[in-house]
Amino acid sequence: MPAAGLGTRFLPATKATPKEMLPVVDKPAIQYVVEEAVTAGLSDVLMVTGRNKRPLEDHFDRNYELEQVLRDKGDAAKLARVEESSDLATMHYVRQGDPRGLGHAVLCAAPHVGDQPFAVLLGDDLIDPRDPLLARMIEVQEQYGGSVIALLEVDPDHIHLYGAAAARPTGDDDVVHVSDLVEKPSAEEAPSNLAIIGRYVLDPGVFEVLRKTRPGRGGEIQLTDALQALASDESLGGPVHGVVFKGRRYDTGDRGDYLRAIVRLACEREDLGPDFRAWLRSYVTEEM
Ligand code: UTP
């Protein structure tokens, strides 16, 4: 899980806090992502961190003092919430040093991953737990080999915000064969309106490609550029397929979407939802 970006869209909140720690209702965004990995059967998590790594490490570690205070108070519910994040998965951390791009962050994981397929989950993308995407991607990787990316059909006017895939159908409705990828194309350059979102199951061959990938757009080593090389030459790490995701996804790296994610998830919560929905309804009808 790469979490070493600068999060500049959320300044000043991210001046001293990683954006992955921003709360979505009452949990940091990254906890949803770790929970998603664990649900898909992946409980060994390597987080690629940067300069503000302490809050991330502390969040997934025990906090004995807080636990003791809650135990003394007999507050079992809050104690369970505190313990939940430290019991989730086996956590490992590696430092990226300079944030030289997502591709470079993924390359930092090479010694930990070794020679087996692995998943990359971006903390910016929240996938609704009711719409399991990662488990399906793992299944597709086992079936087709190579690498699997997650694709979402977006409005052509928005494709310039994403990587876009040139794809053709396979025998599976939700799976496409990817022959080319372009990072943040204009609407005219885009090979389709299938946008890459932040879930990947990759062949370890991607590491060798990343070592040779020169900085691209924005002077950063782009994961999309390495995947583009894989897609155009199957001898590097097998084919590249895409799972076309139709479920609910929230892009919490964008401020507007972050707010929408909080409102939607809060509305759906059993404990907060009824009151919050009633307030929201009157706010919208009376104030707007
Ligand atoms: P983004 O480009 O969305 O992250 O990278 P950012 O640079 O932190 O965001 P803004 O645009 O400045 O607000 C996508 C993911 O890749 C990680 C980020 O932490 C995020 O999860 N990343 C990005 C790294 O780990 N290292 C990098 O060098 C760049």
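Using the structure shown, decide if residue 7 is more than 7 Å from the ligand (Cβ to nearest atom) and on the phi > 0 side of the Ramachandran plot.
On the way: more than 7 Å from the ligand (Cβ to nearest atom): no; on the phi > 0 side of the Ramachandran plot: yes.
No.
For region 132-151, the tally of residues that are touching a residue at least 60 places away in the same chain (Cβ under 8 Å), farther than 19 Å from residue 44 by Cα and open to solvent by 30 Å² or more (accessible area, probe 1.4 Å) stands at 1. As a summary of the residue check, residue 266 satisfies the conditions (1) closer than 26 Å to residue 24 by Cα; (2) in contact with a His (Cβ under 6 Å, 6 or more places away or on another chain) except for the one numbered (2). Looking across region 41-66, the residues that are surrounded by 15 or more Cβ atoms within 10 Å (Cβ to Cβ), of a type outside the set (A, V, I, L, M) and touching a Ser or Thr at 6+ places or on another chain (Cβ under 9 Å) come down to 52, 55, 59, 60, 63. Consider region 67-77 and keep the residues that are of a type in the set (D, E, K, R) and open to solvent by less than 70 Å² (accessible area, probe 1.4 Å). The one that is farthest from residue 271 (Cα to Cα) is 67. Filtered by the rule that a residue be part of a strand (DSSP E or B) and farther than 19 Å from residue 148 by Cα, region 88-131 gives 90, 91, 92, 93, 94, 95. Count of region 233-247 residues, restricted to those that are open to solvent by less than 20 Å² (accessible area, probe 1.4 Å), within 18 Å of residue 182 (Cα to Cα) and not β-branched (Val, Ile, Thr), is 2.
Looking across region 78-89, the residues that are over 16 Å from residue 45 (Cβ atoms) and open to solvent by 70 Å² or more (accessible area, probe 1.4 Å) come down to 78, 81.
For region 53-67, the count of residues that are among the hydrophobic types (A, V, I, L, M, F, W, C), more than 18 Å from residue 253 (Cβ to Cβ) and free of Cβ contacts under 8 Å to residues at least 40 places away in the same chain is nonzero.
Kindly evaluate residue 46 against the criterion of being in a loop (DSSP other than H, G, I, E, B) and either within 12 Å of the ligand (Cβ to nearest atom) or within 19 Å of the chain's Cα centre (by Cα) (or both).
Working: in a loop (DSSP other than H, G, I, E, B): no; either within 12 Å of the ligand (Cβ to nearest atom) or within 19 Å of the chain's Cα centre (by Cα) (or both): yes.
It is false that residue 46 is in a loop (DSSP other than H, G, I, E, B) and either within 12 Å of the ligand (Cβ to nearest atom) or within 19 Å of the chain's Cα centre (by Cα) (or both).
Looking at the structure I just gave you, is residue 4 closer than 23 Å to residue 130 by Cα and touching a residue at least 12 places away in the same chain (Cβ under 8 Å)? Answer is no for this residue. If you take the residues of region 248-274 that are within 28 Å of residue 19 (Cα to Cα) and without any contact (Cβ under 8 Å) to a residue 12 or more places away in the chain, which of them is surrounded by the fewest Cβ atoms within 10 Å (Cβ to Cβ)? Per the criteria, the residue is 270.
Taking region 90-112 as the range and being more than 9 Å from the ligand (Cβ to nearest atom), closer than 19 Å to residue 4 by Cβ and surrounded by fewer than 19 Cβ atoms within 10 Å (Cβ to Cβ) as the test, the residues that pass are 92, 93, 94, 95, 97, 110, 111, 112.
Going by the conditions given, is residue 284 part of a helix (DSSP H, G or I) and closer than 13 Å to residue 24 by Cα? Against the criterion (part of a helix (DSSP H, G or I) and closer than 13 Å to residue 24 by Cα), residue 284 does not qualify.
The values are calculated or read from the model by the stated rules, or taken from the named source; none is laboratory data. Everything quoted here is computed from the prediction, not taken from an experiment. All Cβ positions, even for glycine, are placed from backbone atoms using ideal geometry, and neighbour counts span all protein chains on display. Remember, those area values only see protein heavy atoms, side chains included, never the ligands or the DNA or RNA. Shrake-Rupley method; radii C 1.70, N 1.55, O 1.52, S 1.80 Å.
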